[in-house]
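Below is one structure, written out as C-alpha cells, with a few remarks after it.
All of the numbers you see were taken from the coordinates with simple rules; none came from a lab. In this text the structure is predicted, and so the values were computed from the model without any measurement. With ideal geometry, Cβ positions are generated from the backbone for all residues, glycine too; neighbour counts draw on all protein chains shown.
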Amino acid sequence: MAQEAAPGAAGRAPGMKPLRDVGLAGYGAYIPRYRLPASEVARLWTGGTGPLPVKEKAVAGLDEDVITMSIEAARNALARAEIDPARIRAVWVGSESHPYAVKPTSTVVAEAIGATPHTQAADWEFACKAGTEALQAAIGFVGSGMAEFALSIGMDTAQGRPGDALEYTAGAGGAAFIVGPAEDSLCRIEMSYSYATDTPDFWRRADAKYPEHGERFTGEPAYFKHIQAAGETLMQSMGTQASDYRYAVFHQPNIKFPQRAAKALGFRPEQIEAGMLVSQIGNTYAGSALVGLTAILDEAQPGDRILLVSYGSGAGSDAFSLVAGEALPLRRQRATATLSYIQRRTEIDYATYARLRGKLQLH
Amino acid sequence: MASPIPEGIYIVGVGMTPVGEHWETSLRHLALEAIQTARAEAGGLRPQLLYVANMLAPALSGQSHLGTLVADFAGLRGAEAMTVEAAGASGGAALRQAYLALRSGEAETALVVGVEKVTDKGSSEVESALATAKDADYEAVHGLTDTAQAALWMRRYLHEHGAPADALAGFSLTAHRNAVTNPHAMYRRAIELEDYRKAGMVSEPLNLYDAAPLADGAAAVLLVRGDRLPPGLPHPPTRIAGSAMSTAALALHDQVDPLWMPAAAESAGRALQQAGLQPEDVQLFELHDRFSVHAALSLEAAGFAARGRGWELAHNGTIALQGRLPVTTFGGSKARGDAGGATGLYQVAEAVVQLQGRAGENQVPGARVALVQCLGGAGGTAATHLLVQELEAA
Amino acid sequence: METSRHWRLRQQRYALVGEVCPSCEQRIFPPRDLCPDCGEEARELYQFSGRGEVYSFTTVYQAPAGFEQEAPYPMAMVRLEEGPLVTAQLTDLGDRAVQIGMPVEMVTRKLRADGERGMLVYGYKFRPLLNGKS
C-alpha cells in the first residue's frame, strides 16, 4: 500500500511522546442492557435472508443517552483510579450522538462526577475517532504538566437508517479513561501517533437524522488505509512488531474489517480476541476500540503490551502503544467488568427498538 | 330543648350539586348552584364572609382570584372573599378559616363553598395539575401521580401489616352500598367482594375500586354565630363543636413513619378535646377516602383502630351504615364522587344532613355526633371538624 | 421552560448530594438547610452512596403531562442505606420482578425532556445491583 512520507523522516520518529511519562490511572466501560439481534433487522428488511455482519447490538434505553452513559463509565474509571474527582482538570467527551447539538455533554458529566468548577470541559467529534482523539489530547495535557489528571470518554448511541446496512451494527456504548502520571498507573502509555486525511467515506449533514456512507469506498481508501498507516508508523517509531504485543484492538465497524486489518499488520487472531466485542454489542462508534481496550485491561497481566488503533471516518486514526502495570490486577476489581455489562442482556424486538430509538413518529 | 350557645358556631344551611362530568356547567355555575341551595335553607341569608375552597382552577380553568369571581357571580359583591387551598383538604381548611373568623367576633355570618371543575382538560393535564400538590422538586419531577403515590402507600401498608390483598375492599363495598340510595351519587351500583378481587389493576396493587373518581362538583355550607341565629329556620342548626388543622411532611417519603398520619391524629385529637368528647362518642365519621388506603389510615389516626388494623373495621361490618361507626354514609369520595377541593365540604354537608335527621334511607339512627376529616396529599394536611346536634326541631 | 429551577438542583439530582446535620448527625436528603429531626441548621453537604433497598413500588400507566411517552414506568420509594427515604423511578429492570427489600443502586438517567425544544433534565433513578464487579 502506498504511503505518504512521514514528516521529519530524516532521523525523527513521527511517534509522539510527552515530556513526562503518562499512563491510565483508571478506566471504565458502559454498555446498556438491551440487545437487538441482527436477525431481527433482517426479518424486517430482507425477509430474513442474507449474511449477518454481527450477532446483535446494544441499544440504549429510553432514559439513556451519551450523557448518562458517560457518567457511569466515568464513575467506573474514578473507582479504579481511587482519586478525588477534584484533581481531574479536563473532562472531554467524544461522540457523534451528543444529546444536544449545542450545549456540551462534558459539563454535565463533570458536574455529576464532582470535577467542576476547576476543569477544562469540551465535547469532541470525529465520527468513530471522537474518543481516542480526546485520549490523545489528554496525553498532551497531562504529559506537559498542565494537569495532573484528565478524563477522556468515547461514547455513542449511534443511529442507522431503517433498512440500511448500518442498522445491523450501529450500537450504543463506550468507555472512559483517566490519564495521569505513569507512576502508580494501571497501564503506561509508551507512545502514540495520529494520521489524518480528507477522505469523505461517511458523513451526516447538519440537519440530517441519519448518516450517509460511501459503501465500498469505506473499505480500502478509508478504514484500511488509515489503520494500516497509523499502526505501521507507530510500530516503526516504537521499534516494535506485532509479535511484541500481547493484545491488539482496532476500531470494529463489523467482524471482518478488524480481522483483516489485524492480519495485514501481522497480528494473529488470538491477539485480537479479547478486545473484539462487535459481534455482541455492535459498532459503538466513538466507543468501539475503547470498549475493546477496557475488556483487555480487565484481563491483562503486568508487562503485557497492547496496541490500539482507532478509525474515524472523514478520516483519521489514532494509535497508542500501552503496557499494563503492576497496579492493574488489584485496582481493576474496583468497578464493573466489561464482560459483566456484555452479559447483562435483555433481548428486544424491532418494534421495541424502534420505540427506544425514537423512530416512531409521535407528533 | 337546648338553647344555642352564643359563642358557638352553627351551620344553618347546606347545598350540594351531584358530583359528575358536568359538560354543560362551568366552574362559576357549579358554585352558584350550591350557594343558592345553602342560602335558601336559611331564608336567603346573605353572608358577610365568603371562603372558596378549590385546588385546581388555575391549572385547569385558567382561573384564579376565585373569591371575587364567586362573590361577583353569586350576587355577593362586597363580601370579604378569598380562596383557600390546601390540596385535598381545601374544603375543611376553608371551613376552619370561616370558623376562626366568626369565633373572633369580627363577623357574624360566613359562607364556605368548595368547587372543582376537572373535566375541561385531558387526563394527562389533570394528572400533572394534581401533581402540584406533591413535592414538585422531589416527587412530581419523577413522574409521580396521586394514584402511584397511593399505590406505593397501599403496598407498604399491606406488606408491613401482613394484611391480605383484598384487605381494603370493605371501604369500597361500604361506599358503593350506601350510594345506592343516594340520588346525587356518581355511582349507584353496589359491588361485591368478587368484583373487587377481579378488578383491573390501575397501578398495582391499587385496583379500580381502590380509587375514587375525580369529577366536577360544588358544595356549600352557611355558618352563623350562635348569638345571631335567624328565627324560623326549617332545620335546627348544627354546631361545630370542634375544629382543628395540622400539618405533617409534604412528601410521603419525608414522613417520619410513612404509615402513620400525625396531622390527622393531632387534628382529630384536638377537635374531640375541644368538644369534650372521646372517640367512642362519635356516631359517624365522614373520612377521607380518595383512595382506600387513606380510609384505613384515617381510622387508625383518629384512634378508632390500632395501627395496622383499620382495614379490619371494613371487613367486620363496623363501618357499615348499621354498624358501630358508619363511614362514607352517602357513598364518600368512592361512590358519591370526589370533587377535589370541594370534597371536604361535601363531607360536612352530608354530616349535617345526617345530624338533622334528613338522611332518608341513608339515615344513621339517632346520630348526634359526627366527625369529619379531609386530608391534603399523603396526610400532609389534615382538617378535622366535630359536629354536634344539640338543637331539636321546635 | 424551567431552566433555573432544574439547574439549582443539579447536585442533588445528578449525584444524590444531600446534607448532614452537624448537631445530630442525621443524613438528610433532599437537603433542606434545617434538620427535620432536631430543627438545627444543617448546611454541610453530604455525598450519599447511592445504595439502598426498595421500600415500596408500583407502575405508572396513567402518566402526567410530559411523561406520556415513557409510560408505563416503574416507580418506587427507596430507603437509602444512610437512612432517608426517596421517591424515584426504577430502571433497567429487564425481566426482573421487583420486591420490597430488593437492593438497588442509584444511576443518573434522563428524567425527561422539557418539551421538544427545552432542556434535558437528568436525575437519579435506581436499578437492581449490577452483578460482578470484576
Check: Can you work out ³J(HN,Hα) from phi for every residue in the range A:345-353, in order, using Karplus 6.51 cos²θ - 1.76 cosθ + 1.60 and θ = phi - 60°, giving whole Hz and x for Gly and Pro?
Finding: 9, 10, 6, 10, 9, 5, 5, 4, 4
Next item on the list: Pop the C-beta distance of residue A:351 and residue C:40 into the FRET formula with R0 = 56 Å and round what comes out to the nearest 0.05.
Entry: 0.55
Note to self: Given a Förster distance of 45 Å, report the FRET efficiency between residue A:270 and residue C:97 from their Cβ-Cβ distance, rounded to the nearest 0.05.
What the structure shows: 0.60
Item checked: Relative contact order (%) - criterion: Cα under 8 Å, at least six apart; region: chain B -> 27
Notebook entry, point to check: What FRET efficiency, computed as 1/(1 + (r/R0)^6) with R0 = 60 Å and r the Cβ-Cβ distance, is obtained for residue C:53 and residue A:207, rounded to the nearest 0.05?
Noted result: 0.80
Notebook entry, point to check: Taking H as built 1.01 Å from N, whose amide H comes closer than 5 Å to the amide H of residue A:128, not counting residues under 5 places away?
Noted result: A:313
Note to self: With n ≥ 4 as the cut-off for DSSP H runs, can you work out [θ] at 222 nm for chain A, using -39500 (n - 2.57) per run divided by the number of residues, rounded to the nearest 500?
What the structure shows: -8000 deg cm²/dmol
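With a ≥ b ≥ c the root eigenvalues of the C-alpha gyration tensor of the range B:1-114, is it rounded (a/c under 1.5), prolate (a/b larger than b/c) or oblate? Spell out each step's value before the answer.
On the way: a/c = 1.83, a/b = 1.55, b/c = 1.18.
Prolate, since a/c reaches 1.5 and a/b exceeds b/c.
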Notebook entry, point to check: Can you run phi through the Karplus equation (6.51, -1.76, 1.60; θ = phi - 60°) for the range B:304-316 and list ³J(HN,Hα) in whole Hz, with x for Gly and Pro?
Noted result: 7, 8, 5, 3, x, 10, x, 5, 5, 4, 7, 8, 9
Next item on the list: Obtain the nm distance between the two label points defined at residue B:73 and residue B:309 by a simple spin-label model: each point lies 7 Å from its Cα along the Cα-to-C-beta direction.
Entry: 4.8
Check: Per the helix-only calculation at 222 nm, which mean residue ellipticity applies to chain B, given -39500 (n - 2.57) for every DSSP H run of n ≥ 4 and division by its residues, nearest 500 deg cm²/dmol?
Finding: -9500 deg cm²/dmol
Next item on the list: May I ask you to evaluate 6.51 cos²θ - 1.76 cosθ + 1.60, the Karplus curve with θ = phi - 60°, for each residue of the range B:209-220 and list the ³J(HN,Hα) values in order in whole Hz, giving x for glycine and proline?
Entry: 8, 8, 10, 7, x, 9, 8, 7, x, 8, 9, 10
Next item on the list: Give me the distance between the Cα centres of the range B:64-119 and the range A:151-173, rounded to whole Å.
Entry: 60
Next item on the list: Find how much the distance from residue B:132 to residue B:201 grows on full extension, using 0.36 nm per residue of separation minus their present alpha carbon separation; answer in nm with one decimal.
Entry: 22.4 nm
Item checked: Loop GluC sites (Glu not before Pro), the range B:312-394 (other Cβ atoms within 10 Å of the site Cβ: 11 or fewer; DSSP) -> B:392
Checklist line | Label-point gap, in nm, between residue A:17 and residue B:189 - each point 7 angstrom along Cα→Cβ | finding: 8.5
Notebook entry, point to check: Whose amide H sits under 5 Å from the amide H of residue C:107, counting only residues 5 or more places off or on another chain, with H placed in the peptide plane?
Noted result: C:125, C:126, C:127
Next item on the list: Take the cross-link list B:117/C:110; A:209/A:256; B:198/C:125; B:198/B:334; A:17/A:103 and give me the ones stretching past 23 Å between alpha-carbons.
Entry: B:117/C:110; A:209/A:256; B:198/C:125; A:17/A:103
Next item on the list: Quick one: angle between helix B:146-160 and the longest Cα principal axis of chain B, in degrees between 0 and 90, rounded to 10, please.
Entry: 60
Next item on the list: Quick one: which residues, 5+ away or cross-chain, put their amide H under 5 Å from the amide H of residue B:84? H built at 1.01 Å from N.
Entry: B:52, B:53, B:54
Notebook entry, point to check: How much length is gained on full extension from residue A:198 to residue A:39, taking 0.36 nm per residue of separation minus their Cα-Cα distance?
Noted result: 53.7 nm
Notebook entry, point to check: Cα centroids of the range B:303-317 and the range A:231-285: how far apart, whole angstrom?
Noted result: 70
Checklist line | Shape call, the range C:1-62: gyration tensor on alpha carbons, a/c limit 1.5 | finding: oblate
Check: Isolated Cys in the protein assembly as shown by the 4.7 Å beta carbon test?
Finding: A:128, A:187, B:374
